[in-house]
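Below: one structure, written as structure tokens.
The values are calculated or read from the model by the stated rules, or taken from the named source; none is laboratory data. On a predicted model such as this, the values are computed, not experimentally measured, just so you know. Here Cβ is always computed from backbone atoms with ideal geometry, including for glycine, and neighbour counts include all displayed protein chains. Quick note on the areas: whole protein, heavy atoms, side chains included, nothing else; ligands and nucleic acids left out. Shrake-Rupley method; radii C 1.70, N 1.55, O 1.52, S 1.80 Å.
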Amino acid sequence: MYSDESETNIIGSSEIKKMVFASLFAAMTAIGAYMKIPIGPVPITFQVLFVFLAGSILGKKWGTLSMIVYILLGVAGLPVFAGGASGIGVLFGPTGGYIIGFVIAAFVIGLLTERVKSAGLVLNSLYMVIGLIIIYTLGATQLMIEAQLEPIEAIMSGVAPFVIGDLISILIATYITTKHEL
């Protein structure tokens, strides 16, 4: 009887820990939105770094939930999106596809990470590149539609300027996730 209670407490403790970290990653993603470099309609921010970390460290369930919480905070009116923006209108604007991409990328990165424990530097990097492709695809598509751009214009203004910074984010996130885990 005592071992069952102990096992339940261990499982509950792990879930609580992940819940706390999911909240922290939602907050860090919001903070990452304020660390920006304006270069056009979509600024360079550090949000993507925290998306990569959330998916890799928390897995598909809690990584995804952390990004959903982040979005809900912004929709509720808190200034958590890039440049201090908020409201549901942001999700339908030029940057909305990137924000929605955060959720899907965290899920996919988490799913892939959970399938291969101790994936190492190369696989972790690959998973994050896949997540980045998801973010870029959704983001550039919505940017193209909302800003009425041709596909190449959307890629040149909504993807190309961010590639180097995002690859650096992948390197940082990969290093962190190969050295630390929950």
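This table checks each residue for (1) touching a Gly at 6+ places or on another chain (Cβ under 9 Å); (2) outside any helix (DSSP H, G or I); (3) under 19 Å from residue 82 (Cβ atoms).
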| site | (1), (2), (3) |
| --- | --- |
| 104 | yes, no, yes |
| 109 | yes, no, no |
| 130 | no, no, no |
| 135 | yes, no, yes |
| 138 | yes, no, yes |
| 141 | yes, no, yes |
| 153 | no, no, no |
| 168 | no, no, yes |
| 171 | no, no, no |
Just a yes or no: is a residue in the range 132-142 modelled with pLDDT under 95 and touching a Phe, Trp or Tyr at 6+ places or on another chain (Cβ under 9 Å)?
-> no
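Return the total of residues in the range 31-50 being open to solvent by less than 60 Å² (accessible area, probe 1.4 Å), touching a residue at least 40 places away in the same chain (Cβ under 8 Å), outside any helix (DSSP H, G or I) and at negative phi. Quick ask: steps written out before the conclusion?
Within the range 31-50, the first condition is being open to solvent by less than 60 Å² (accessible area, probe 1.4 Å), and the residues that meet it are 32-33, 40, 42-45, 47-50.
When the remaining residues are screened for being touching a residue at least 40 places away in the same chain (Cβ under 8 Å), the result is 33, 40, 42-44, 47-49.
Imposing the further condition that a residue be outside any helix (DSSP H, G or I) reduces the set to 40, 42-44.
Now narrow it down to the ones that are at negative phi: 42-44.
Number of matching residues: 3.
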Can you work out which of the residues in the range 143-159 that are at pLDDT 95 or above and of a type in the set (Gly, Ala, Ser) is least open to solvent (accessible area, probe 1.4 Å)?
-> 154
Might you let me know whether the range 51-66 holds any residue that is closer than 20 Å to residue 160 by Cβ, assigned to a helix (DSSP H, G or I) and not polar (S, T, N, Q)?
-> yes
Determine the pairs where a residue that is closer than 17 Å to residue 157 by Cα and part of a helix (DSSP H, G or I), located within the range 80-101, has a partner that is among the charged types (D, E, K, R) and open to solvent by 30 Å² or more (accessible area, probe 1.4 Å) with Cβ atoms under 9 Å apart, the partner being 6 or more residues away or on another chain.
-> 82/36; 96/146; 97/146
